[in-house]
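Please read the structure below before turning to the comments.
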Amino acid sequence: MGSGHKAALQRCIAADCGAQYDLHDPVFACRACGGLLDLCYDWSRCAPPRKLADFAHRWRAPDHSPDGRLDSSGVWRFRELLPFAAPDELVTIGEGRTILQQADELARNLGLKADRLFLQYEGFNPSGSFKDNGMSAAFTMARKLGKRRVACASTGNTSASLALYARHTTTQTGDPMQAVVFVGGGKIALGKLAQALDYGATTIQIDGDFDACMRIIEEAADRVGLYVVNSVNPFRLEGQKTIMYRVLERLNWEVPDWIIVPGGNLGNSSAFGKAFIELKELGLVDRVPRLAIINATGANALYELYERRGLRWNGGRWDRSAVDRLHAERRERGVTAKTVATAIEIGRPVNLPKALRSLEAMSGVVREVSDEAILDAKAMVGLHGYGCEPASAASVAGLRVLLEDKTVSASDRVVCILTGHTLKDADATVKYHQGSGQFANAPLRCAADIEAIAAVLATS
Ligand SMILES: *Cc1c(COP(=O)(O)O)cnc(C)c1O
Ligand SMILES: [Zn+2]
């Protein structure tokens, strides 16, 4: 503790604690109060850019110089805004080469003016989800700390990302890294489990849900020397800030009106708020967008606490008892998280306080959407865009709600974050299209006969 005036350190986010830890302290949660930690920079000792457009020259095809390697990473080309490691320490496998698609047809279908809607496809990352943004930063730290076992508990995408990074990273002494993945006995989308297995992760199935996995892993961390990269890991969130930098980059550094993101463990929501708090502090933006976090109705702890019970960040003095009360009530009633969007099927979001901070900094709102609305929105992204997995489509389903309740207006400039690739959960997609959803597109049965095919095509 008490690390003086370093350029970067870890600090507890609770206003009544604020304990500080050295950058290299492998602390998991605040030792004083159990709270979440944040990376804090003394910007006067770093070299932040004078304007965001200074980053523009870096967006180029990969070349083989050390700078080219970093500049072609969508995370590390913004390295001055997450300056916790030296350039030669940074781990990259080409994350963050993602696409911001202007989605005019989808905009019109939803009732937004054309050229107002943008979809940020984080599914185009190497392991198929936004998690790679954070994993490059977490692995950078694992390597700096000399760790060789990296672990997570996961609903799927974190383990896929972790497994891939472990394969492509060696320790400082050149040894391979070992990926250790804990999955619950319950639901995990097959595409994601397949990735963890295929990339060679040691995969341990625990009897119990995600929350049980999380408890085990925290206890095991010290005992068997695991570096834990769940989204409580503050370094991961540093990497995820860059999703916002890339959105701004593709909008020519113009700040949109809204950022809409699905909310699971609330790592993205937390990272986005921190990104804008810092950009504002550095004078690199003159305003911040509003944030909308979208829960699934079956996993709506944040919605319940923020919109129904009025829980607020309150300068870092949020009412912890309100959170405990909700979880106790739900435990008593036997309520557990349940949604088709498995990536956001989280009962107790670990980053909740940081998400409250983001909601305050970005004048945010929270909405909940049904599984049916999520799957319809997913089909719309498939029809009018490049597709996404169920959890991702919560952002578009949320936009529909926000347009209906007039929180978002037809002329607002909106960015929906699509967190994962459409192939992650092919089961859910095929099931939807064989059902009675609004956009269902079931395969047509037909005899192997030209006349029969002609007849089918004539009526379809
Ligand atoms: C992890 C994940 C989420 C949830 O993100 P949080 O940062 O935990 O809120 C949403 N969608 C996909 C596809 C994910 O993999
Ligand atoms: Zn603390």
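In the range 234-304, which helices (runs of 4 or more DSSP H) lie fully inside it and hold 1 or more residues that are within 30 Å of Arg330 (Cβ to Cβ), within 13 Å of ligand 1 (Cβ to nearest atom) and at pLDDT 95 or above? Full working, then the answer.
Details: elements: 234-240, 242-250, 267-281.
In the range 234-304, the matching helices (runs of 4 or more DSSP H) lie at 234-240, 267-281.
How do the pairs read when you match residues in the range 3-26 that are at positive phi with residues anywhere that are at pLDDT 95 or above and open to solvent by less than 20 Å² (accessible area, probe 1.4 Å), using Cβ under 6 Å and keeping only pairs 6 or more apart or on different chains?
Here the result reads Gly18/Cys12, each pair linking the range 3-26 to a residue that is at pLDDT 95 or above and open to solvent by less than 20 Å² (accessible area, probe 1.4 Å).
Name the residue that is farthest from ligand 1 (Cβ to nearest atom), counting only residues in the range 23-40 that are among the aliphatic types (A, V, I, L, M) and crowded, with 17+ Cβ neighbours inside 10 Å. Break it down stepwise before answering.
Taking the range 23-40 first, the residues among the aliphatic types (A, V, I, L, M) are 23, 27, 29, 32, 36-37, 39.
From what's left, crowded, with 17+ Cβ neighbours inside 10 Å: 23, 36-37, 39.
Details: Leu23: 23, Leu36: 13, Leu37: 16, Leu39: 16 Å.
Among those residues, the one meeting the criterion is Leu23.
Can we say Pro66 is over 22 Å from the mean Cα position of the chain (by Cα), within 15 Å of Thr140 (Cβ to Cβ) and away from ligand 1 (no atom under 16 Å from the Cβ)?
Working: over 22 Å from the mean Cα position of the chain (by Cα): yes; within 15 Å of Thr140 (Cβ to Cβ): yes; away from ligand 1 (no atom under 16 Å from the Cβ): yes.
Answer is yes for this residue.
Quick check on this structure: which one of Gly208, Gly146 is touching a strand residue (DSSP E or B) at 6+ places or on another chain (Cβ under 9 Å) and on the phi > 0 side of the Ramachandran plot?
Gly208
Yes or no: Pro234 within 16 Å of ligand 2 (Cβ to nearest atom) and within 16 Å of the chain's Cα centre (by Cα)? I'd like the intermediate steps shown before the answer.
Numbers: within 16 Å of ligand 2 (Cβ to nearest atom): yes; within 16 Å of the chain's Cα centre (by Cα): yes.
Here the answer is yes, as Pro234 does meet what is asked.
Can you pull out every residue in the range 177-212 that is modelled with pLDDT of 90 or more and not hydrophobic (A, V, I, L, M, F, W, C)?
Gln178, Gln195, Asp198, Tyr199, Gly200, Thr202, Thr203
Pick out, from the range 346-457, the helices (runs of 4 or more DSSP H) lying fully within it that include 1 or more residues that are open to solvent by less than 10 Å² (accessible area, probe 1.4 Å). If you could, list the steps in order and put the result at the bottom.
Values: elements: 352-361, 371-384, 390-404, 426-433.
It comes to 352-361, 371-384, 390-404.
If I ask for residues that are under 26 Å from the mean Cα position of the chain (by Cα) and surrounded by 15 or more Cβ atoms within 10 Å (Cβ to Cβ), which ones from the range 1-17 would you list? Before the answer, list the steps.
Taking the range 1-17 first, the residues under 26 Å from the mean Cα position of the chain (by Cα) are 8-15.
Scanning the range 1-17 gives Ala8, Leu9, Gln10, Arg11, Cys12, Ile13, Ala14.
Which residue pairs have Cβ atoms under 8 Å apart, sit 6 or more places apart or on different chains, and have a first residue in the range 257-274 that is under 17 Å from Arg413 (Cα atoms) and a second that is open to solvent by 10 Å² or more (accessible area, probe 1.4 Å) and more than 6 Å from ligand 1 (Cβ to nearest atom)?
Going by the 8 Å Cβ cut-off, the qualifying pairs are Asp257/Arg290; Asp257/Asp412; Asp257/Arg413; Trp258/Arg290; Trp258/Asp412; Trp258/Arg413; Ile259/Arg290.
The values are calculated or read from the model by the stated rules, or taken from the named source; none is laboratory data. These figures come from a predicted structure and were not determined experimentally. So basically every Cβ, Gly included, is an ideal-geometry build from the backbone, and we count neighbours across all protein chains shown. Accessible surface areas use protein heavy atoms only, side chains included; no ligands, DNA or RNA. Shrake-Rupley method; radii C 1.70, N 1.55, O 1.52, S 1.80 Å.
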